[in-house]
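The values are calculated or read from the model by the stated rules, or taken from the named source; none is laboratory data. These numbers come from a predicted model, not from an experiment. Backbone-built Cβ (ideal geometry, glycine too); neighbour counts: all protein chains shown. In case anyone asks, the SASA skips ligands and DNA or RNA and just uses the protein heavy atoms, side chains included. Shrake-Rupley method; radii C 1.70, N 1.55, O 1.52, S 1.80 Å.
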Amino acid sequence: MTTLNADNTDDNCPAQALLKTLSGKWKPQLFKLATIAPLRFNNLLRQLDGSNKQSLSAALKELAEAGILCKHTLQTKPLHIEYSLTEKGKLMIPIFQELEGLI
């Protein structure tokens, strides 16, 4: 009988950190929408049924901190904030397309 290593660091499985980053409320949907066009907060509230400001804001912030989304402030009146994929995020598109192909 084998025993599992109790060490749960991301070193055990390189994909674990990525999957953890993209798991959670709204993150997969936000990533998918960002592959189509830049994201605006109020548009997302209307697009994602059941979303609320708090959970959506937290998901966008976490994706930006992970380097997947980039936050841009557009100097218009009124100010607009857009989120778009970073280069790191763009590199992940083929991975998600492969995953979608498995379903």
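Ordered from highest to lowest accessible area with the whole protein assembly present and a 1.4 Å probe, Phe31, Phe96 read as Phe96, Phe31.
Amide hydrogen proximity for Ile81: with H placed 1.01 Å from N in the peptide plane, the residues at 5 or more positions away or on another chain lying under 5 Å are Phe41, Leu74. Each residue of segment 18-23 was assigned a 3J(HN,Hα) from its phi angle through the Karplus expression (A = 6.51, B = -1.76, C = 1.60, θ = phi - 60°), giving 5, 5, 5, 5, 9, 8 Hz with x at Gly and Pro. The 3J(HN,Hα) values that the Karplus relation (6.51, -1.76, 1.60; θ = phi - 60°) gives for segment 68-85 are, in residue order, 8, 10, 10, 9, 10, 9, 8, 7, 10, 10, x, 4, 10, 10, 10, 10, 9, 5 Hz. Gly and Pro appear as x.
So, R0 is 22 Å and r is the distance between the beta-carbons of Ile81 and Lys25; what FRET efficiency does that work out to, to 0.05?
0.65
Model label points for Phe41 and Gln16, set 7 angstrom from Cα along the Cα-to-Cβ axis, are 3.5 nm apart.
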